[in-house]
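Visitor: Below is a structure I'd like to ask you about.
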Amino acid sequence: MIRAPYRSIARRLLWIAAGLTAIGAAAPLHADEEHQPRHGGYFGDADDLYHYELLRENGGVLILYVNDEENAPLDTKKLRSRWIANGGSLQTKQGEFLPEADGSRFVATIPDATDAQPLDVIVAVEKEGVWAEMEFSLPPVS
């Protein structure tokens, strides 16, 4: 789990909003345009290094968009990313995301993931030797 210093009450509220979004809140709370998911996924701010948007699709597929601290898209071909997942009857699994050919996002498939069950996923992207982690609790795929 991420532990980051809270600099103000406003910062704490952003973390709460990101957490509600990550667990599938019906009405996502976002303080500004910078903290909006752009692809219909779940948004997270990882240690002030990256913004993540994670999508879950059928068949255990995860899609991860990575943006910089100002929420500008990053070329995933220049980054390394990994995941750890568990949930329902799934035993803990881990692996690496692979960048799409155009560098727009990462993609991974979680073996044995059951679409009808919730899934807890920790994603991490490396920046200058530091892994910025974020935990997401994803609802079942509908």
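The values are calculated or read from the model by the stated rules, or taken from the named source; none is laboratory data. In this text, all values refer to a predicted model and were calculated from it rather than measured experimentally. Cβ sites come from the backbone with ideal geometry, for glycine too, and all protein chains shown count toward neighbours.
Visitor: Could you check the range 46-67 and list, in sequence order, the residues that are surrounded by fewer than 17 Cβ atoms within 10 Å (Cβ to Cβ) and either touching a helix residue (DSSP H, G or I) at 6+ places or on another chain (Cβ under 6 Å) or closer than 19 Å to Ala113 by Cβ (or both)?
Guide: Glu57, Asn58, Gly59, Val61
Visitor: Looking at the range 109-116, can you tell me whether even one residue there is modelled with pLDDT of 95 or more and either among the β-branched types (Val, Ile, Thr) or under 23 Å from Asp45 (Cβ atoms) (or both)? Steps first, answer last, please.
Guide: Pass one, the range 109-116, residues modelled with pLDDT of 95 or more: 109.
Then keep just the ones that are either among the β-branched types (Val, Ile, Thr) or under 23 Å from Asp45 (Cβ atoms) (or both); that gives 109.
There is at least one residue in the range 109-116 that is modelled with pLDDT of 95 or more and either among the β-branched types (Val, Ile, Thr) or under 23 Å from Asp45 (Cβ atoms) (or both).
Visitor: If you don't mind, another one. So, in the range 68-89, of the ones that are buried (at least 17 other Cβ atoms within 10 Å of the Cβ) and at positive phi, which residue ends up modelled with the highest pLDDT?
Guide: Taking the candidates together, the pick is Asn71.
Visitor: Here's a follow-up. Taking Ser137 as the residue in question, decide whether it is within 16 Å of Leu54 (Cβ to Cβ) and at pLDDT 95 or above. Don't jump to the end; show me each part of the working.
Guide: Working: within 16 Å of Leu54 (Cβ to Cβ): yes; at pLDDT 95 or above: no.
It is false that Ser137 is within 16 Å of Leu54 (Cβ to Cβ) and at pLDDT 95 or above.
Visitor: With respect to the numbered conditions (1) of a type outside the set (Gly, Ala, Ser); (2) modelled with pLDDT of 95 or more; (3) surrounded by fewer than 19 Cβ atoms within 10 Å (Cβ to Cβ); (4) outside any loop (DSSP other than H, G, I, E, B), which one is the sole condition not fulfilled by Thr92?
Guide: Evaluating Thr92 over (1) of a type outside the set (Gly, Ala, Ser); (2) modelled with pLDDT of 95 or more; (3) surrounded by fewer than 19 Cβ atoms within 10 Å (Cβ to Cβ); (4) outside any loop (DSSP other than H, G, I, E, B) leaves (2) as the failure.
Visitor: So how many residues does the range 99-140 have that are crowded, with 18+ Cβ neighbours inside 10 Å, outside any strand (DSSP E or B) and of a type in the set (Val, Ile, Thr)?
Guide: Matching residues across the range 99-140 total 1.
Visitor: If you don't mind, there's one more thing I want to ask. Which of the residues spanning the range 55-111 are among the polar types (S, T, N, Q), in contact (Cβ under 8 Å) with a residue 40 or more places away in the chain and under 18 Å from Glu126 (Cβ atoms)? Can you show your working first?
Guide: Step one: filter the range 55-111 for residues among the polar types (S, T, N, Q), giving 58, 67, 71, 76, 81, 86, 89, 91-92, 94, 104, 109.
Now drop any that are not in contact (Cβ under 8 Å) with a residue 40 or more places away in the chain, which leaves 58, 81, 109.
If the condition is that a residue be among the polar types (S, T, N, Q), in contact (Cβ under 8 Å) with a residue 40 or more places away in the chain and under 18 Å from Glu126 (Cβ atoms), then Ser81 is the only one that fits.
Visitor: Return the total of residues in the range 132-142 being farther than 13 Å from Leu62 by Cα and in contact (Cβ under 8 Å) with a residue 12 or more places away in the chain.
Guide: Let us first name the residues in the range 132-142 that are farther than 13 Å from Leu62 by Cα, namely 132-135, 142.
Keeping just the survivors that are in contact (Cβ under 8 Å) with a residue 12 or more places away in the chain gives 132-135.
The number of residues fulfilling the criteria is 4.
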